[in-house]
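One structure below.
The values are calculated or read from the model by the stated rules, or taken from the named source; none is laboratory data. A quick note: this is a predicted structure, and the numbers were derived from the prediction, not measured. Methodologically, a virtual Cβ is constructed for each residue, glycine included, from the backbone with ideal geometry; neighbour enumeration extends over all protein chains shown. Heavy atoms of the whole protein, side chains included, go into the accessibility calculation; ligands, DNA and RNA do not. Shrake-Rupley method; radii C 1.70, N 1.55, O 1.52, S 1.80 Å.
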Amino acid sequence: VKKRVASSATALAQKSSAPLAWSYSRLSIYRECAKKFYYKFIEKLEEPQSPAMARGQEMHELFEHYSRGGAVEFQEAIHTACLPWLEPVRAFKPIIEEGFAFRRDWTPTEYFARDVACRVKMDLFYVLEDAPKKSEHKYVGPFPQAIVIDYKTGKIKPEEHEEQLKLYARAAYAQRQGIKSVHTGVWYVDHEKTPRFMALFKDRTKDVPQLTRYWDGQTKKMLADRTFKATPSSRCSWCPFSYKKGGPCKQAAA
Ligand code: SF4
């Protein structure tokens, strides 16, 4: 593990200043171990790319290319079960692999603005003004409706991924003031039989305050943390910052 950007002085300055903008991946790592979060996002230590990360990147690039109208030899790369879902989406001219950024009050801002508090990357995002008339798939309103899709490689884990849909919903409501609902889901692109699960947020009036409260609660501890204490666990075996892997953390679980 090599240090890439920040000196320890910079890291300390960052520690004592305003918290970093959060994202779902940052929150997930903070929940695993605050020290891991510190090494990765504050010290910005480099970590080697795992085979799973490389696979995820490859698939996202393929899907991006196809969603933009390009031809891809999907049969070799993914199961064709995804195509009946992905192919019609191209007609809606989705926003692809886009990062959205929000202030603390969820008003949109620039991705690298000084006042950014939360960043959300979406693999596919589009708005349906009404239910498509000619479609094999059933669309449930109310409309206008934002659709947000996340591609996942690897195992099917709805219990782990469902929460993320709440963030897509909150972000979509914030990004498009006129929408009345958000239909968001995960496509498991490595699997043939169960390629997707979806969640419908169908009442903007109720959803927005509920989701705002939810994310305020989930991120409160992380955003207030200035000590980033290690919480050794079985996950230390895979942590690139463990001293066993050449990293700086001597608190790794045995
Ligand atoms: S090795 Fe374990 S305790 Fe140390 S940073 Fe990684 S997860 Fe945290």
Counting every C-alpha pair in region 183-247, the percent lying more than 19 Å apart is 66 percent
For residue 35, the accessible surface traced by a 1.4 Å probe with all protein chains present amounts, in square angstrom to the nearest 10, to 50 Å²
Solvent-accessible area per residue for the chain (1.4 angstrom probe, square angstrom): 56 Å²
With labels modelled as points extended 7 Å from the Cα through the Cβ direction, what inter-label distance (nm, one decimal) is found for residue 31 paired with residue 220? 1.7 nm
Around residue 21, with a cut-off of 13 angstrom between Cβ atoms, what is the net charge of the other residues, counting Lys and Arg +1 and Asp and Glu -1? +4
Calculated [θ] (222 nm, deg cm²/dmol) that DSSP helices of n ≥ 4 give over the chain, each run adding -39,500 (n - 2.57): -10500 deg cm²/dmol
Could you work out how far apart the two model spin labels at residue 161 and residue 197 are, taking each label as a point 7 Å from the Cα in the direction of the beta carbon, and quote it in nm? 0.9 nm
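Please tell me which of these pairs span more than 31 angstrom C-alpha to C-alpha: 134/202; 36/138; 40/157; 36/152; 36/93; 93/221?
Flagged as over cut-off: 36/138; 36/93; 93/221.
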Of 150, 105, 190, ordered by accessible area with the largest first and a 1.4 Å probe, the sequence is 105, 190, 150
How high is the FRET efficiency between residue 114 and residue 54 when r is their beta carbon distance and R₀ equals 30 Å, given to the nearest 0.05? 0.35
Taking region 133-254 on its own, what percent of its Cα-Cα pair distances exceed 23 Å? 53 percent
Leaving ligands, DNA and RNA out of it, report the carbon-plus-sulfur percent of the accessible area of the chain at a 1.4 Å probe. 52 percent
Taking 51 Å as R0, compute the FRET efficiency from the Cβ-Cβ separation of residue 71 and residue 254 and round it to 0.05. 0.50
Cα to Cα, under 18 Å, and not fewer than 8 places away if on the same chain: which aspartates and glutamates meet these conditions relative to residue 180? 129, 130, 203, 207
Kindly sort 170, 90 by accessible area of their heavy atoms, largest first, with the probe set to 1.4 Å. 90, 170
Taking a quarter of the surface of the Cα convex hull of the chain, what do you get in nm²? 14.8 nm²
Within 10 Å, at most 15 other Cβ atoms, and a DSSP state outside H, G, I, E, B define an exposed site. Report the longest part of the chain free of exposed GluC sites (Glu not before Pro). 193-254
